[in-house]
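**Q** My questions all concern the structure below.
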Amino acid sequence: MAALNPVPSRGEDEVFDPVSTWVGWQRYVDNAPGDRSADDSGWSREQRLDYHSEFVVVGTAAMKRVSLELQKMLLVNRSHRGTARRGLIVSGPPSTGKTTMLMELGRIFELSDRRRHPGVKDRLPVAFVCVPPASTPKMLVSEFARFLGVPVLRRMNQAQITDSVCATLGELRTQLVLVDDIHLLDTRTRSGAETSDQIKHLGERIAATFIYAGVDVDASPLLVGPRGQQLAGRFKLLRNDPLPYGTEAQRQMWLELVTDLESALRLRHHRPGTLARLAPYLHRRTGGVIGSLSHLIREAAITTITDNGERITKKLLDGIELDIRAQQQLLATAPTRRSSTGRAGRNR
């Protein structure tokens, strides 16, 4: 396999291909974000900005748990000849890393498949699609066709597109199908119910294991009614929640995550251990949400590179505004301070 490019720099004329296309997915698999083993001594300023823009993907307890469940599910489905294959649903609040987890598991699986089949070109072990908003069955299966590069002609109906997609995935020996934003399917509506039927139909015709990911799927309309119950009977749901900070074990887990991210920084004057010492502060700022933590550290790194400081400090972190959800979480958990007016009022 060709050497990975640790610091891909996107040119102004380069076409953006999302991971929900074959080209974009292969580019993601071939270029692991933030290769921390690379020698950065000769990197330019722009290369270091690119590196921190993508940054690393760190392993978490939730990712390890889902990975283990996936390995077992692949074995359960390996020789299954019926229609009711088993699958996984990764659910949790926004920004907890569900999509990142899905992509990283798919990347690891595809690289493993390449090692087992060296030099084989006509294989596509992983397919990645996103459920479009207000999806219809034809829209959903067209997303599969778009990923595969299968042409969809205007005169083609849903059944014809489905046949083409299933045949192509079969020929390419696809074993893992990743479907993101599954919470957008509302089985209480006609189009949502029909799209749910369509995705079930694909699962029965494609000899692959399906993993869905979405926001709070267990509380969404996806699992409501007879269709939802049928889905619930075939899929195991795994939660990916913000990391808690109550027990010593939980605090140690958070510290290891922060330390892992800090070790991946490529800043000229950063003092190692700074972020580790700020672990309690970082948890308060982000509410234990991995997406918010990653954004905070990435933006701080990029800010200090552009300011020529090349080190992250608490003052710098204090000046960075996070996403609205993280800001609201911080305000909700901030201790209430009694004003002097309030105290005077009670003493009257």
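Any read-out appearing in this document is the output of simple, stated calculations on the displayed coordinates, not a laboratory observation. Remember, predicted model here, so these are calculated numbers, not experimental data. Note that each Cβ is placed from the backbone with ideal geometry, even for glycine, and that neighbours are counted across all protein chains shown.
**Q** Considering amide H positions built from the backbone, and no H for Pro or chain starts, which residues 5 or more places from residue 236, or on another chain, come under 5 Å of its amide H?
**A** 87, 88, 89
**Q** For the stretch 84-97, take each phi angle, set θ = phi - 60°, evaluate the Karplus expression 6.51 cos²θ - 1.76 cosθ + 1.60, and give the result in whole Hz per residue in order, putting x for glycine and proline.
**A** Karplus values, whole Hz, x for Gly and Pro: 8, 5, 8, x, 10, 10, 9, 10, x, x, x, 6, 8, x.
**Q** Assign one of three labels to the stretch 115-158, namely rounded, prolate or oblate, based on the Cα gyration tensor with a ≥ b ≥ c the square roots of its eigenvalues; rounded applies when a/c is under 1.5, prolate when it is not and a/b is larger than b/c, and oblate otherwise.
**A** Cα axes put the stretch 115-158 in the oblate bin.
**Q** For the chain, what is the calculated [θ] at 222 nm in deg cm²/dmol (nearest 500), taking -39500 (n - 2.57) for each run of four or more DSSP H residues and dividing by its residue count?
**A** -15500 deg cm²/dmol
**Q** Here are some values of log10 I(q)/I(0) by the Debye sum over Cα atoms at q = 0.11, 0.14 Å⁻¹: (1) -0.98, -1.24; (2) -0.84, -1.22; (3) -0.80, -1.06. Which one was computed from this structure?
**A** Read-out taken from this structure: (2).
**Q** Something else: In the structure shown, do any of 98/200; 64/121; 98/236; 121/200; 64/314 have a Cα-Cα gap over 25 Å, and if so which?
**A** In this structure, 64/121; 121/200; 64/314 exceed 25 Å between Cα atoms.
**Q** Work out the length of the dipole vector of the chain about its Cα centre, built from +1 on the beta-carbon of each Lys and Arg and -1 on the beta-carbon of each Asp and Glu, and round it to the nearest 20 debye.
**A** Magnitude of the dipole: close to 1260 debye.
**Q** Next question. Just the Cα atoms of the stretch 61-239, one point each, no solvent: what log10 I(q)/I(0) does Debye give at q = 0.12, 0.16, 0.19 Å⁻¹?
**A** With one equal scatterer per Cα and no solvent, log10 I(q)/I(0) is -0.53, -0.98, -1.40.
**Q** If you add up the charges near residue 222, with Lys and Arg at +1 and Asp and Glu at -1, over every other residue whose beta carbon is less than 14 angstrom from its beta carbon, what do you get?
**A** Result for the neighbourhood of residue 222: -3.
**Q** Give me the number: length gained by fully extending residue 134 to residue 81, i.e. 0.36 nm times residue separation minus the C-alpha to C-alpha distance, one decimal in nm.
**A** Numbers: separation 53, 0.36 × 53 = 19.08 nm, distance 3.27 nm.
Full extension of this stretch gives 15.8 nm more.
**Q** From Cα pairs below 8 angstrom and at least 6 apart in sequence, can you work out the relative contact order of the stretch 55-165, rounded to a whole percent? Don't jump to the answer; show the numbers that get you there.
**A** Details: 52 pairs, mean separation 16.7, N = 111.
That works out to 15 percent.
**Q** Between exposed GluC sites (Glu not before Pro) in the chain, where DSSP calls loop and at most 10 other Cβ atoms lie within 10 Å, what's the longest gap?
**A** Numbers: sites that count: 12, 14, 321.
That gives 15-320 as the longest site-free run.
**Q** Right, another one. Taking Cα atoms, how many degrees apart are the long axis of helix 61-77 and the longest axis of the chain, rounded to 10 and kept between 0 and 90?
**A** 10 degrees
**Q** Sticking with this structure for a sec: Taking the Cβ of residue 274 as the centre, find all other residues whose Cβ is under 13 Å away and add up their charges (Lys, Arg: +1; Asp, Glu: -1).
**A** +3
**Q** So if I take the centroid of the Cα atoms in the stretch 182-223 and the same for the stretch 96-119, what is the distance between those two points in Å?
**A** The stretch 182-223 and the stretch 96-119 have Cα centres separated by 22 Å.
**Q** Quick one: among 79, 20, 191, which has the greatest mean-square fluctuation in a GNM of the chain with alpha-carbon springs under 10 angstrom?
**A** 79
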